[in-house]
Amino acid sequence: MTYDFWYWPGIPGRGEFVRIALEAGGIAYRERGREDGADVWAKRDSYSRTPPFAPPWLDNGELVIAQTANILMFLGERHGLAPDDVKGRFWTSQLMLTIMDVTAEAHDTHHPVDASAYYDDQKAEAKRAATVFREQRIPKFLDHFTKALGGAEYFGGDRWSYADTGFFVLMSGLNHAFPRRMVALSGDYPTVFTHWDRIAALPELRDYFASDRCLPFGEGIFRYYPELDGEG
Ligand SMILES: N[C@@H](CCC(=O)N[C@@H](CS)C(=O)NCC(=O)O)C(=O)O
């Protein structure tokens, strides 16, 4: 069985959280939004039952599942990408929802007023939002993920889950958007920076990272504007 995976072409975006779990889990999928002639919005509008509001979504012909964290909970259960006890399942989902919260906040640093307007039209507000995000929110989240990891190798204990691969995407995205700030924080939160490296080194992801399926962040949710990265 091969999943149809739908996301915008050209950028990793929120789709990357799902894509990396599919790749790490060795789950067969087709990246439908990147195929010639694909029309993501038209496809979305074609669903009459359980329609997605926005990409990413997964379609296996029987189920159409949207919302990044929800898709991952599904994949976690179906494909063993999360612990299978109640505590572990909800803990993994909880972490993933927090990762998506941080992601939304990171997006809002460059588009704090209007997601459909140009960055140039909201630069002053972006600078203000980015300062708060950089100074207060990133450390607060890194502190939380340090506690969440505890002394364990992975969030769920002794095996990686979709929360670990999702965390990897988040750290990579933050590093793309706020490189100076992340370097400055790396000494204060060594546990989570080591964890980021640990997931980067997973043998399950080696082929993916070397493939053309793995795209640079570019102009997606995580964007690099030097003026939003502060002094470090
Ligand atoms: N909470 C949703 C957000 C989905 C979302 O905002 N998707 C973006 C792309 S990353 C989109 O295309 N949104 C179109 C829209 O909101 O109109 C999730 O986590 O999947």
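The values are calculated or read from the model by the stated rules, or taken from the named source; none is laboratory data. Just so it is clear, the structure is predicted and the values come from calculations on it, not from any experiment. Cβ coordinates were reconstructed from backbone atoms using ideal geometry, including for glycine residues, and neighbour counts include every protein chain displayed.
For segment 88-116, taking the residues that are under 20 Å from THR131 (Cβ atoms), within 15 Å of the ligand (Cβ to nearest atom) and aliphatic (A, V, I, L, M), the one that is farthest from the chain's Cα centre (by Cα) is identified as ALA115. You will find that of LEU63, LEU97, LEU72, the residue that is of a type outside the set (Lys, Arg), under 20 Å from MET171 (Cβ atoms) and surrounded by fewer than 21 Cβ atoms within 10 Å (Cβ to Cβ) is LEU97 and no other. Is one or more of the residues making up segment 160-174 hydrophobic (A, V, I, L, M, F, W, C), at pLDDT 95 or above, under 26 Å from LEU22 (Cα atoms) and not in a helix (DSSP H, G or I)? Yes: one or more hits.
Only residues that are of a type outside the set (Gly, Ala, Ser) and within 14 Å of the ligand (Cβ to nearest atom) were counted across segment 31-57, and they come to 12. For segment 3-11, the criterion of being on the phi > 0 side of the Ramachandran plot, free of Cβ contacts under 8 Å to residues at least 24 places away in the same chain and within 14 Å of the ligand (Cβ to nearest atom) is satisfied by no residue at all. Of all residues being within 20 Å of VAL18 (Cβ to Cβ) and not charged (D, E, K, R) in segment 31-45, which is surrounded by the most Cβ atoms within 10 Å (Cβ to Cβ)? Just the residue, please. Ranking the qualifying residues of segment 31-45, first place goes to GLY33. ARG198 falls short of the stated requirement of being within 16 Å of the ligand (Cβ to nearest atom), within 22 Å of PRO139 (Cβ to Cβ), surrounded by 12 or more Cβ atoms within 10 Å (Cβ to Cβ) and at pLDDT 95 or above.
Residues ALA38, ALA66, ALA82, ALA42: which one is closer than 24 Å to SER211 by Cβ and of a type in the set (A, V, I, L, M, F, W, C)?
Values: ALA66 fails: closer than 24 Å to SER211 by Cβ; ALA82 fails: closer than 24 Å to SER211 by Cβ; ALA42 fails: closer than 24 Å to SER211 by Cβ.
None of the others qualify; the one that does is ALA38.
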